[in-house]
1. Out of (1) open to solvent by 20 Å² or more (accessible area, probe 1.4 Å); (2) outside any strand (DSSP E or B); (3) modelled with pLDDT of 95 or more, what's the single condition that is false for VAL68?
2. Residues being loosely packed, with under 13 Cβ neighbours inside 10 Å and among the acidic types (Asp, Glu): count how many of those fall in region 71-96.
3. Go over the candidates LEU43, LEU12 one by one and state the one that is at pLDDT 95 or above and buried (at least 24 other Cβ atoms within 10 Å of the Cβ).
4. I'd like to check something: does region 18-26 contain any residue that is part of a loop (DSSP other than H, G, I, E, B), open to solvent by 10 Å² or more (accessible area, probe 1.4 Å), under 22 Å from LEU137 (Cα atoms) and not charged (D, E, K, R)?
5. Within region 132-170, how many residues turn out to be within 16 Å of the chain's Cα centre (by Cα), open to solvent by less than 10 Å² (accessible area, probe 1.4 Å) and of a type outside the set (A, V, I, L, M, F, W, C)?
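The values are calculated or read from the model by the stated rules, or taken from the named source; none is laboratory data. Quick caveat: nothing in here was measured; it's all calculated off a predicted structure. Please note: Cβ atoms are built from the backbone with ideal geometry, for glycine as well, and neighbour counts cover all protein chains shown. These area figures cover heavy atoms from the full protein model, side chains too; ligands, DNA and RNA do not enter into them. Shrake-Rupley method; radii C 1.70, N 1.55, O 1.52, S 1.80 Å.
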Amino acid sequence: MNKWTTEKIGDLNGKRIVITGSSHGIGYEAAGVLASKGAEVILAVRNREKGEKAAAKIRAMNGSQPVVVMNLDLTDLESVKKFAEEFKSRYDRLDVLINNAGVMVPPYKKTKDGFELQFGTNHLGHFALTGQLLPVLINTPSSRIVSTSSIAARRAKIHFDNLDGSKGYRPMKFYRQSKYANLLFAIELQNRLKSAGSSTISVACHPGISATNLLSRGKGRETGRVMKALLRLVAQPASMGALPTLCAATHPELKGGEYFGPEGPGNTRGYPVLNNDPARLYNPDISARLWEVSEALTGTRYSI
């Protein structure tokens, strides 16, 4: 797996791929590569104008390759529902769902549905989206779901008694919780898919430390110049940060449950390799409880 690069991605003609949060950063980089390999890419974005600009750039680089923009606001469960319904009315197959969008360390704020912003966006929004698209995924042979976690998950726990932050809120603590939830969800989903005998698989990835717009703190603005300068000192470019996502989305030999991240010290930068964090961090009891709570909060019941 050393030095895995985009050159190892095969022909993706005929494949349809949805990427959340793909108007910039890692999602945008991944979308450009996947389109260049022949995939039909759907940019699921909150800001339509930014999405259309990103799609135009990708098309310009890849000729007439289809790039579709669809509205999706993960902070609003009604928007998630509308996206899923529109997708299912237009398409009958989905080869890859990449749950990439995220927000990091914002001031205390809640989503439209009353969830703490990071847990609501990073985990619950994607939990609802995946569940509502799952019938299409399962009906697509050998499809896969890619969930984006973080090395921040290593120092996290799920605060079931304070999921909404009403009993106290610290931005980084709640970011860690949301990314831990992403990892637990990916592994729990794989276990359920396997038990159901489905050919659909669930895999996970993390970008290490990458220079993206994540630190806009949920405002959708460009990261400030000072922060960008600091990031360049410690972070790898978004094109490198996207490699674990691309590997998880396209590697032909995956069985499900794999977790990809950079190979370098602390898994902060470098080319993607398999990471053993799930063996240390996955807890079946916590995962089962998180799944039950997530279904209750989002009103999304899974078919597996």
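1. With respect to (1) open to solvent by 20 Å² or more (accessible area, probe 1.4 Å); (2) outside any strand (DSSP E or B); (3) modelled with pLDDT of 95 or more, VAL68 is out only on (2).
2. Residues meeting the conditions: 3.
3. LEU43
4. Yes - at least one qualifying residue is present in region 18-26.
5. Residues meeting the conditions: 3.
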